[in-house]
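Worksheet for the structure shown next.
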Amino acid sequence: MIQQSKIVIKDLNLYYHEKQVVKELNLEIPQNEIFAIIGPSNSGITTTLRTLNRLCDLTFGARQEGEVLLDGKSIFNKNVNVTELRRKVGMVFDVPTPLPMSIFDNVAFGSNLNGKKSKAEVEEGVEKALRMSALWDDVKDRLNTPAARLSGGQQQRLCIARVLALEPEVILLDRPCSALDPISTAKIEDSLIQLKEQFTIIIAPHTIQQAGRIADRVAFMLMGDLIEQGITHEVFSVPKDKRTNDYLTGRFG
Amino acid sequence: MRIDAQTSQKIAKTLIWTAALFVIVVLFSIIIYILIKGIPMISWQFLTEIPRNMGRSGGISSSIVGTLLVTAVAVIVATPFGIGTAIYLTEYTREGRVTRIIRFSAESLAGIPSIVYGLFGFIFFVIYLKMGWSILSGGLTMAIMILPTIIRTSEEAIRTVPNLYREVGFSLGATKWQAITKTVLPSALPGIVNGVILSIGRCVAETAAVMLTAGSTLRMPISLLSPTRTMAVHFYILAREGISMENAYGTAALLIILILLINVGFNMLVNRFVSKGR
């Protein structure tokens, strides 16, 4: 089966002011798979993810060279509508960030922004998104209570639901489970495996084990360099590069 | 001689307690004294009649209306400018010469004695713009006076909103304006309202500047261009000219009650809004 690349990253160099944080990155991310980018902190992974939906634009001094293609079209093109791009390429952050409003309003936030949907459509979308992130049964009776009252794991699933409600094509997750307990983490991992049927998922896992459990492919980055990439079980069982092997066996990182 | 850690801890605790207690005692004795002297004067007649005989008898209804109108004009004019400037300073520009100039101006404005605002208002609004002694002149003068407070408190409140909220907004496809109005401002609202309440207090309490710009007539205002005598001015004149100390205390007590009511009312509004999210 030939899989289509959803995102193609070509010769991407990322900088903060004069400091280069990602060097000559080339990656092809296939559709409907979970792609994990692993590496120690300070490897440029977060910056890479933030570039894919152009959230980097907001950071003073961040700039990029090279090309990122989404469905074959450059995301840096002047004609790209950045807010549309961010709806297509959703992002979940490392800390659960419910906005100070009700559970329902959090999930409906994105849909209400452009006001194109009727109230019934929004309600339907919220329920669908909460079901997909496996939170519906927990919250269906208290949609109007403040989101901040949910547990950390529930909050993070709420953040995932909030992104899903936008009906995106790609979901970026930046260490989404780093603040969560193992049970919540397992629930989120289960949801992600379900979700890849419909979405393309790029995750920066907070542990190597998480990449091993859920990712179809991994890329290993170190200090802004891409060291190695491939099918997860191949990379994990026979790493080609000594540094990958060292990282996987816990010699650093 | 060295004091050991436990002793210095005890001394510090005692001093801090004393300081707090002193402040509470001073504040409460002022408020309670005025309320005891003033509340017996407050009656239905005091609230609903206009002053007679220079304020020796009758009520202070025209002053109550005047105070509320001057304050309303000031707050309605100053709040959008203040919050707008705060949003510009925090969201739309980077730290640099322009922000320093704005902040420096705001700080300087905050430090000017209110009588200077009164003089400016008198020359600019009353004479140059020919508004005369009026609620409008007084309100606009007050608006300039409270602007720095609103800018500074709003700016502080907006700055304490976690940056992540903005990024969440943007990452969900919000435009900059949507990110500000839907995620940043609701979180900053309690702080902003606090600044507005503080400003209302200053307007209600202001004497010198309103006397120069809104006049001191005892008649009931009929439009925003009517002159008026605010409660603080009325109190000042009653006490200073020795017209009626009883009615002066009554006015003062009503001023305090008014400020308390405004405070409590706004806080209840904000709490109702905020509790939806927390």
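The values are calculated or read from the model by the stated rules, or taken from the named source; none is laboratory data. Because the structure is a prediction, the values reported are computed rather than measured. Every residue, glycine among them, receives a Cβ derived from its backbone with ideal geometry; neighbour counts consider all protein chains shown.
Some values worked out for this structure:
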{"item": "Spans of strands (runs of 3 or more DSSP E) in the range A:132-249 with at least 3 residues crowded, with 22+ Cβ neighbours inside 10 Å and either over 18 Å from the mean Cα position of the chain (by Cα) or touching a residue at least 24 places away in the same chain (Cβ under 8 Å) (or both)", "result": "A:170-174, A:200-204, A:217-222"}
{"item": "Any hit, the range B:129-143, residues being without any contact (Cβ under 8 Å) to a residue 24 or more places away in the chain, within 14 Å of chain A (Cβ to nearest Cβ) and of a type in the set (A, V, I, L, M)", "result": "no"}
{"item": "Failed criterion for A:GLN155 (all others in (1) more than 11 Å from chain B (Cβ to nearest Cβ); (2) modelled with pLDDT under 90 hold)", "result": "(2)"}
{"item": "Count of the range B:153-195 residues which are in contact with a Gly (Cβ under 7 Å, 6 or more places away or on another chain) and more than 14 Å from chain A (Cβ to nearest Cβ)", "result": "3"}
{"item": "Residue within the range B:108-118 that is at pLDDT 90 or above, crowded, with 17+ Cβ neighbours inside 10 Å and under 16 Å from B:ARG229 (Cα atoms) present", "result": "yes"}
{"item": "Any hit, the range B:93-107, residues being part of a helix (DSSP H, G or I), among the aromatic types (Phe, Trp, Tyr) and surrounded by 19 or more Cβ atoms within 10 Å (Cβ to Cβ)", "result": "no"}
{"item": "In the range B:46-71, the residues that are part of a helix (DSSP H, G or I) and either buried (at least 23 other Cβ atoms within 10 Å of the Cβ) or of a type in the set (Gly, Ala, Ser) (or both)", "result": "B:GLY55, B:SER61, B:SER62, B:SER63, B:GLY66, B:THR67, B:VAL70, B:THR71"}
{"item": "Scope the range B:79-104; condition of a type in the set (S, T, N, Q) and modelled with pLDDT of 90 or more; matching residues", "result": "B:THR79, B:THR85, B:THR90"}
{"item": "Members of the range B:163-173 that are at pLDDT 90 or above and assigned to a loop (DSSP other than H, G, I, E, B)", "result": "B:LEU172"}
{"item": "A:THR145 vs. criteria farther than 20 Å from A:VAL95 by Cβ and within 14 Å of chain B (Cβ to nearest Cβ)", "result": "yes"}
{"item": "Of the criteria (1) on the phi > 0 side of the Ramachandran plot; (2) hydrophobic (A, V, I, L, M, F, W, C); (3) crowded, with 19+ Cβ neighbours inside 10 Å, which one A:ALA129 fails", "result": "(1)"}
